[in-house]
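The values are calculated or read from the model by the stated rules, or taken from the named source; none is laboratory data. Worth saying up front: this structure is predicted, and the values here are computed from it rather than measured. Here the Cβ positions follow ideal geometry from the backbone for every residue, glycine too, while neighbour counts run over all protein chains shown. Surface areas here come from the heavy atoms of the whole protein model, side chains and all, with no ligands, DNA or RNA. Shrake-Rupley method; radii C 1.70, N 1.55, O 1.52, S 1.80 Å.
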Amino acid sequence: MSNSASISRVALKKITPEVSGAMGSLHAAAVSAARDAKVEPELLELIRIRASQINGCAFCLDMHTKDARAAGETEQRVYALNAWRETPFFTGRERAALALTEAVTLVHDGQVPDTVYAEAAEVFDETQLAALIWAATVINAYNRIAIATRMVPGGYQPTPKN
């Protein structure tokens, strides 16, 4: 992706506030579903980072690595996430979620393989699987929005925990 600022991009929130609001509502509903299903917020951040790595979304990588670190994620795991299969840093549950996230993100490469889905279904119940699929779907949509509109990374700061 080029950092060229030669052409101004549309400000989606300004031009289509109702659609941006609906996207925010979808995100909030996905977060709520994950919370209700008892999917760990830290796992959701790993999902968001991994999908953003695959999609090359600098804005979302900046945001979600900061959010993960603010939530207590280690630098070692954040740095190694791109090579999670090659490290001992992730649990079986996290590995299953990351594999599912990659399959959803790369769905154009041959759908979500039965083996990937089955591995996730061994460690997550149906409510949790649904939440994971929604989390992956929402971050993929946000990645596409940020990339298409060339949202500039660097300014985001996590909300301080009280």
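Descriptive notes on the structure:
- Computed from Cα atoms, the angle from the helix 114-123 axis to the main principal axis of the chain rounds to 70 degrees.
- When a 1.4 Å probe is rolled over the protein heavy atoms, the share of accessible surface on the stretch 6-127 that falls to carbon and sulfur comes to 57 percent.
- Summed over qualifying helices (DSSP H, 4 residues or more, each -39500 (n - 2.57)) and divided by its residue number, the chain shows a 222 nm mean residue ellipticity of -20500 deg cm²/dmol.
- Using θ = phi - 60° in the Karplus curve 6.51 cos²θ - 1.76 cosθ + 1.60, the 3J(HN,Hα) couplings for the stretch 71-79 round to 8, x, 5, 7, 4, 4, 5, 4, 5 Hz; x is entered for Gly and Pro.
- Acute angle (nearest 10 degrees) that the helix 58-70 long axis makes with the longest principal axis of the chain, alpha-carbon atoms: 50 degrees
- For the chain, the longest principal axis of the Cα atoms and the long axis of helix 92-105 meet at an angle of about 40 degrees.
- Dipole magnitude for the stretch 54-110: about 140 debye, using +1 per Lys or Arg Cβ and -1 per Asp or Glu Cβ, origin at the Cα centre.
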